[in-house]
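The values are calculated or read from the model by the stated rules, or taken from the named source; none is laboratory data. None of these values were measured; they are calculated from a predicted model. Cβ: placed from backbone, ideal geometry, glycine included. Neighbour counts: every protein chain shown.
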C-alpha cells in the first residue's frame, strides 16, 4: 500500500526558504502514469494546489506561485521535495504531498495523501 | 478566491439527502472530469468521487456525483453523523495545466 510522509522545518522566518520532503513507501516515484504533487491549506481555509513533478522529472507549477516554487525528485531516496522561497505569513499552512494520477478516468486524481505538516512563518 | 464556486456550508439531519454544488467554467468542469474529496476534521483529504461519478473502493454508495455543463454536484443520501466534514470539488483546469479546488463546503449533520 502506497504511503507518503512529509517532513521538514515547522517554523520558517519571513523572507527565508521553506523546504519540505515527501518520502514515498510502498511504491516508486519513477512509476509511469503518475506525478507527485504538493498542496497546501492555510489554517481554516481551503486547499491550494502548488505544483507537481512528473515521473520523468518535469515540473509544473501553479502560475500564482511559479516564481517562488521549486519541486524536485530524488529517485535514489524515493522521495520528492518542495522549496518555496521568500516566504511571508501568508504561506503559513498545512502542506500535503500526494500522488497524482495522469491516465484515463483517473487524470488529476490525488490519492493517496500524506498526513500533512504544519509550517508556520514567523520571526 | 477560487475559480470554482461551492456553497460555504450545507446541513441536514440524519437520514436526509443533501447535495453540494460546484460551479466552474469551460476551462475546468466544462472540459474535464470532476473529482471530490472529503476532509474529516483534523485529517488529510480523502478521495471520495473520481471521474464525475465513480466511487473508489470502500466509499459507500450513499455518495454519488454528477455533472452537467460547467456544474457538478455531490449527493449524500442517508446522511450519517460521520459524514460531517468539508467537501471539495477538484477538476483539472486546462488554463492552469493543473488541478483547481473549489472553496470547500462544510457539511453539518444536525
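Before moving on, here are some points about what is shown:
- Residue A:23 within 30 Å of residue B:85 (Cβ to Cβ) and more than 14 Å from chain B (Cβ to nearest Cβ): yes
- For the criterion of being surrounded by 21 or more Cβ atoms within 10 Å (Cβ to Cβ) and more than 9 Å from chain A (Cβ to nearest Cβ), residue B:90 fails.
- Test: residue in region B:20-38 that is out of contact with any strand residue (DSSP E or B) (no Cβ under 8 Å at 6 or more places or on another chain) and closer than 27 Å to residue A:118 by Cα: no
- Test: residue in region A:18-28 that is out of contact with any helix residue (DSSP H, G or I) (no Cβ under 6 Å at 6 or more places or on another chain), within 20 Å of residue B:96 (Cβ to Cβ), at pLDDT below 95 and not in a strand (DSSP E or B): no
- Checked against (1) more than 14 Å from every other protein chain (Cβ to nearest Cβ); (2) under 22 Å from residue A:119 (Cα atoms), residue A:42 passes all but condition (1).
- Among the candidates B:14, B:56, B:60, residue that is within 14 Å of chain A (Cβ to nearest Cβ) and part of a loop (DSSP other than H, G, I, E, B): B:56
- Just one of the listed residues (A:117, A:88, A:92) is within 11 Å of chain B (Cβ to nearest Cβ) and in contact (Cβ under 8 Å) with a residue 24 or more places away in the chain, namely A:117.
- Being more than 9 Å from chain B (Cβ to nearest Cβ) and in contact with a strand residue (DSSP E or B) (Cβ under 6 Å, 6 or more places away or on another chain) is a property that does not hold for residue A:75.
- Residue under evaluation residue A:100, criteria (1) more than 14 Å from every other protein chain (Cβ to nearest Cβ); (2) touching a residue at least 24 places away in the same chain (Cβ under 8 Å), criterion not met: (1)
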